[in-house]
Structures are given as C-alpha cells and as structure tokens.
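A.B. asks: I'd like to ask you about the structure that follows.
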Amino acid sequence: QYVNALVKGGITSYPDLVEGYIAEQNELPYAILPPVRFLYIFSGYLWHSLFGDQSLEALRSVAAFFSVLTLGLAVIFAWRLRGSNWALGIGALMAFAPTQIHMSQHAFIDGVFTFWALLCLWLLWENLHAPHEWPWVVAYGLAVALLVITKENSFFLWIALVVLILTNRWLQFGTVTRELLLATIAGPLLGVVILVFLAGGLHNLIDTYRLLVSKASQAPYAIETGDGPWHRYLVDLLLASPIILILALGSIFQLDRTMKRELFMSIFIAASYLVMCNVKYGMNLRYANMWDMPLRFLAFGSLVGLVAPVRRHRHILLGVAVALICAIELRQYYILAVQYPLYELVSEGLLRALQILK
C-alpha cells in the first residue's frame, strides 16, 4: 500500500501518506503497520522503479537483498574480530541459518533491520578500537540514523549500544571518546529529524507513534501469538536452531574478563533481550533476527574450544563439525518453512512443524 502510494505520488507525498495512516488508524481498534518505516518502504519503491516489480514482490526482493548484505557484513565483522578462519566458519553458519533464510524469502522488514543493527554493532566495535578516527565515527552515526528510519523498535538496539558503552568502563572493550558519545546521541536525533520532515511535522510523528503503541497490543494476532514468559525467545530459538543455541549458551557460561569479543556479543544480546522480553504481546522470533550473527559467533567459539585438545587434524575436525551443523540447520529450515510450511515463526507453529504438537 505504501509503496504504491509512493509510486503514484512520489516522495513529496509522504506527509499525506502519514496523515492518511493517522486517520485510518484512529478508526481501527488494532494497529496496522505505520509508514514511518521509511527506509524499507523507500527501498521497495526504488526496487520497483529500477526493475518494475509489483509492490509486494519488490519488498520481498529488498528483504532478500539485505539478507545477502547481512551475510557479507557478518563475514567482515567476524574477520575483523578473529581473522579469516573465524570469518569462514561464521559465514557458513550464517548462510545456513533457518531464520536468515526465512527472512530472505518473505516481505519482512526484520531482515532489513538486522543488517542495520549488525552494522551499528560492528561500527561501535571499530570505534572502540580506533578512537578519534572520524570516518568510523561518521559511519557509526549515520548507521544509527538509518536504523531509526528503518523501524520504530530501533530503541531496543540503541539501548543495547548504550549498555555496551557503559560497561566498557569495567570490561575495557576499547576507548570511549567524546566523538563516539556524540555520534551515539546525534545519530538517533538525525533519524528523528528525518522522520519529522517526512511525516510533515512533529505532531504527525508523535500521533503516529502514540497510535501504534496504544493499539499494537490490541491486535488479535499479537494477543494470540506475541505473549509468553521472559524465556519465550530462548524456547523459540531452541526450536529453530537448537545446536547453535546450546553451543552459544555453553560459550556464555565459560566467559571471563579476558574474552572481550565474546563479552561484547553476550552483553549486546542480554541488553536487547532484557528490553524485548518485556514487551507485552510483542514477542516474535522475527525480532530476534539481529542476534543471529552474535549467537553464531559464540557458537563457533564453543566449537573451537571443543576441538582445541585435538592436536592433529584440528582444522579438519572443526570444518566437519561446521558442515554438520549447517546440514542440520538447513534441515530445520526445510521442516519449518518448506515441509510444514510456516509464514510466521511463532511458538505454536514451530511446535506443530516439529510435530511436538499434533
């Protein structure tokens, strides 16, 4: 709907699009998706303009494109953290992740959001290790701004970034500079300013978010599938990628202060998890897509630790283990999304697809 409106009216019609949403949302008892997810909508519009695809197909193609970008970014991030061997292993695990493949096959915004979230996380790490380097600072600030105009729950990710910066005082990931703090604050503000401009004024933006927050928890589907205890995400992740989660948790239980990279990933997951598991009727495995690379980084670390006592053919054994996990992950995707198949990876659907519930 929003892509079609952009095709007809162009980017200058965006304030009218937001006002139309407010008028429609006021009449509905439950929330509909807001037009302030600008970057995703605009990407669909650009894809339509370039390739002529229909709106839904254009959005699906955008999701697939960003999933490929996420895979490439995960490899680069892992390489910067641990070198080429880790980059190869984590890249393989990401390529076969059921949740990553699933996001690439549907017109979901969450795969697009994952790319920007992972980019922000990587750029924060680079800024901590290259203080006062303005290219890294500017790139980080712009990435956070683009995250804000992609999806409204960017606040959860921003909280996790702030927690990482705060815990740096004790864990010493790197050096926190004034420039980094400025970018962490200015980036989101720039994103909000862009949204205010697109919405046609601050009042329109506030009304949009007010309506979304007040009515999001009233949607029948959200009530039916989006609730649960704090460990709901752990259950869903265990159903979707059991070996990855078990290995990642094993890595977390072996952490010490010298394992800076693993601590960085673990705190990012924990901080964002703490916020996300407390959103009433707002839990969905799609939102956990941004943990895929950090979880696989931790899981690969566990694998490296398990094969470390082996003196001969250690790398061959590690490669076989990664290949086996990739095969299991692909099998999981086939069961969940092809054989069953699931559109939304919600708990009941996962349980039925795996024949735990009949």
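Bear in mind these aren't lab numbers, they're just calculated from the coordinates by the rules spelled out. Small disclaimer: the values here were computed from a predicted structure and weren't measured. So basically every Cβ, Gly included, is an ideal-geometry build from the backbone, and we count neighbours across all protein chains shown.
A.B. asks: So how far, in whole Å, is the C-alpha centre of the stretch 4-70 from the one of the stretch 335-358?
C.D. replies: One Cα centre to the other: 29 Å.
A.B. asks: Further question on the same structure: If the elastic network links every pair of Cα atoms under 10 Å, which of Ala199, Ala160, Ala186 fluctuates the most in the Gaussian network model of the chain?
C.D. replies: It is Ala186.
A.B. asks: Give the average over all directions of the projected area of the C-alpha convex hull of the stretch 216-318, one decimal, in nm².
C.D. replies: 7.4
A.B. asks: What 222 nm value per residue comes from the helices of the chain, counting each DSSP H run with n ≥ 4 as -39,500 (n - 2.57) and dividing by all residues, nearest 500 deg cm²/dmol?
C.D. replies: -23500 deg cm²/dmol
A.B. asks: If you don't mind, there's one more thing I want to ask. Once Cα extents along the principal axes in Å is worked out from the coordinates, which option in (i) 67, 57, 41; (ii) 63, 51, 36; (iii) 54, 44, 35 does it equal?
C.D. replies: Given (i) 67, 57, 41; (ii) 63, 51, 36; (iii) 54, 44, 35, the structure-derived one carries the label (i).
A.B. asks: Residues with amide H under 5 Å of Gln218's amide H, sequence separation 5 or more or different chain, H placed in the peptide plane at 1.01 Å from N; which?
C.D. replies: Those qualifying (amide H under 5 Å, at least 5 residues apart or on another chain) are Ala31.
A.B. asks: Another question, if that's okay. What ³J(HN,Hα) values, in whole Hz, does the Karplus curve 6.51 cos²θ - 1.76 cosθ + 1.60 give for the stretch 347-357 when θ = phi - 60°, with x put for Gly and Pro?
C.D. replies: Computed from phi, the couplings for the stretch 347-357 are 4, 4, x, 4, 5, 6, 4, 8, 6, 6, 9 Hz.
A.B. asks: Counting only complete DSSP H runs, which helices of the chain cover 27 Å or more along their long axis at the Cα atoms and score a mean Kyte-Doolittle of -0.5 or above?
C.D. replies: Helices passing the filter in the chain: 55-82, 110-129, 178-199, 314-333.
A.B. asks: With the crude spin-label approximation of a point 7 Å out along Cα→Cβ, what separation in nm comes out for Ala308 versus Val235?
C.D. replies: The modelled label-to-label distance comes out at 3.5 nm.
A.B. asks: Given 37 °C and 0.692 mPa s, compute D for the stretch 46-112 with the Stokes-Einstein relation, Rh being the Kirkwood radius over Cα pairs; round to the nearest whole µm²/s.
C.D. replies: Calculated translational D: 261 µm²/s.
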